[in-house]
Amino acid sequence: MRFNKGKLFVVSAPSGAGKTTLCNRLLGRFDTIGYSVSYTTRKPRHDETDTEDYYFVDETAFKGMIDRDEFLEWAQVHGNYYGTSRIRVEEILGTGRDVLLDIDPKGARQLREKLDYGIYIFITAPSMKDLRTRLVNRRTESEEIMKVRLDNAREEIRHIHEYDYIIVNSEINKATNELEAVYIAEHLKADTIETIEDIMEVD
Ligand code: 5GP
């Protein structure tokens, strides 16, 4: 398969939709895509590693980055700050790979307004009940934070019409195939080919 250089894939999902698993599977299958690790003021969960899952920073450091315009986008989500580093995205695109961003709908909206490219994918669960069950089973959040996240989920899913693709994660392997299909299809688009010689030898 032939990949053109650098596309921006933006994935959003309410908490509990299975987005992290799906993104990891996509990243595991294609080495043509790099994950942009975000900055956050949220405290790390027990299974999270600094610089791999997030750059965990305090509010002063985060606000310093805002002041220096170091974020491509940033937003307050569930009471914490999250932001995409401009430099991280440029580093990945500079290697000729695609970039995968996992950001909330407010961040996605900022990018849509700012950039004239990007593929926007929304992942959700088949029901609010599923989101709640998955959040409870994950055991990463307190009861209070789970409530905030579920309330926010109701608001976030109102924005699905702003996205190019919607994946309903009712079964993880099916959803994985769908996400991979989107990735592959985006690379088969005719308008990404500049000349016929890019794709075939012509005599
Ligand atoms: P979590 O705390 O569960 O890791 O992430 C909470 C929410 O923050 C998710 O919706 C996730 O997509 C979003 N998020 C993570 N990184 C960023 C970022 O860099 N920018 C924005 N706007 N949202 C982010």
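The values are calculated or read from the model by the stated rules, or taken from the named source; none is laboratory data. This one's a predicted model, so the numbers in the text were calculated from it and none came from an experiment. Cβ placement follows ideal geometry from the backbone for every residue including glycine, while neighbour counts extend to all protein chains displayed. Calculation scope for accessible area: heavy atoms of the full protein, side chains included, ligands and nucleic acids excluded. Shrake-Rupley method; radii C 1.70, N 1.55, O 1.52, S 1.80 Å.
Across segment 178-203, what is the number of residues that are open to solvent by 70 Å² or more (accessible area, probe 1.4 Å) and in contact (Cβ under 8 Å) with a residue 24 or more places away in the chain? Break it down into steps so the answer makes sense when it comes.
Our first condition is that a residue be open to solvent by 70 Å² or more (accessible area, probe 1.4 Å); within segment 178-203, this holds for 188-191, 194, 196-197, 199-203.
Subsequent filtering for residues that are in contact (Cβ under 8 Å) with a residue 24 or more places away in the chain retains 199.
Within segment 178-203, residues that are open to solvent by 70 Å² or more (accessible area, probe 1.4 Å) and in contact (Cβ under 8 Å) with a residue 24 or more places away in the chain number 1.
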Legend entry - Qualifying residue in segment 129-136 (condition: more than 8 Å from the ligand (Cβ to nearest atom), modelled with pLDDT under 95 and over 25 Å from Ser170 (Cα atoms)): no
Legend entry - Sole residue being within 15 Å of the ligand (Cβ to nearest atom), in contact (Cβ under 8 Å) with a residue 40 or more places away in the chain and either hydroxyl-bearing (Ser, Thr, Tyr) or under 25 Å from Ile172 (Cα atoms) (or both), chosen from Thr20, Thr49: Thr20
Inset, instruction - Output yes when any residue across segment 101-117 is under 29 Å from Asn173 (Cα atoms) and modelled with pLDDT under 95, and no when none is. - result: yes
Legend entry - One residue from Phe9, Phe30, Phe56 being aromatic (Phe, Trp, Tyr) and either under 18 Å from Thr140 (Cα atoms) or near the ligand (Cβ under 10 Å from one of its atoms) (or both): Phe56
Legend entry - Selection status of Ala125, of a type in the set (Gly, Ala, Ser) and within 14 Å of the ligand (Cβ to nearest atom): yes
Legend entry - Residue match in segment 144-164 (condition: more than 16 Å from the ligand (Cβ to nearest atom) and touching a residue at least 12 places away in the same chain (Cβ under 8 Å)): yes
Inset, instruction - Kindly indicate the residue of segment 65-97 that is over 26 Å from Arg154 (Cβ atoms) and in contact with a Gly (Cβ under 6 Å, 6 or more places away or on another chain) and also modelled with the highest pLDDT among those meeting that condition. - result: Phe71
Inset, instruction - Return the total of residues in segment 165-177 being closer than 11 Å to Thr124 by Cβ and either within 16 Å of the ligand (Cβ to nearest atom) or open to solvent by 90 Å² or more (accessible area, probe 1.4 Å) (or both). - result: 3
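Let's see how each residue does on (1) away from the ligand (no atom under 15 Å from the Cβ); (2) more than 14 Å from the chain's Cα centre (by Cα):
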| site | (1), (2) |
| --- | --- |
| Phe62 | no, yes |
| Phe71 | no, yes |
| Gly79 | no, yes |
| Gly83 | no, no |
| Arg86 | no, yes |
| Gly94 | yes, yes |
| Arg97 | yes, yes |
| Leu101 | no, no |
| Gly107 | no, no |
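Hey, can you tell me all the residues within segment 147-168 that are more than 15 Å from Lys19 (Cβ to Cβ) and part of a helix (DSSP H, G or I)? Lay out the reasoning, then the answer.
Here is the first cut: in segment 147-168, the residues more than 15 Å from Lys19 (Cβ to Cβ) are 147-148, 150-151, 154-155, 158, 161-162, 164.
Lys147, Val148, Leu150, Asp151, Arg154, Glu155, Arg158, His161, Glu162, listed by residue number.
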Legend entry - Candidates Leu8, Leu27 - the one that is open to solvent by 20 Å² or more (accessible area, probe 1.4 Å), out of contact with any helix residue (DSSP H, G or I) (no Cβ under 6 Å at 6 or more places or on another chain) and touching a residue at least 60 places away in the same chain (Cβ under 8 Å): Leu27
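When you look at Asp151, is it more than 17 Å from the chain's Cα centre (by Cα) and open to solvent by less than 80 Å² (accessible area, probe 1.4 Å), yes or no?
Numbers: more than 17 Å from the chain's Cα centre (by Cα): yes; open to solvent by less than 80 Å² (accessible area, probe 1.4 Å): yes.
Taking the combined requirement at face value, the residue satisfies it.
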Inset, instruction - May I ask you to list pairs of residues, at least six apart or on different chains, whose Cβ atoms are under 6 Å apart, with the first in segment 88-100 being touching a residue at least 60 places away in the same chain (Cβ under 8 Å) and the second being open to solvent by 60 Å² or more (accessible area, probe 1.4 Å)? - result: Gly96/Lys5; Leu100/Tyr35
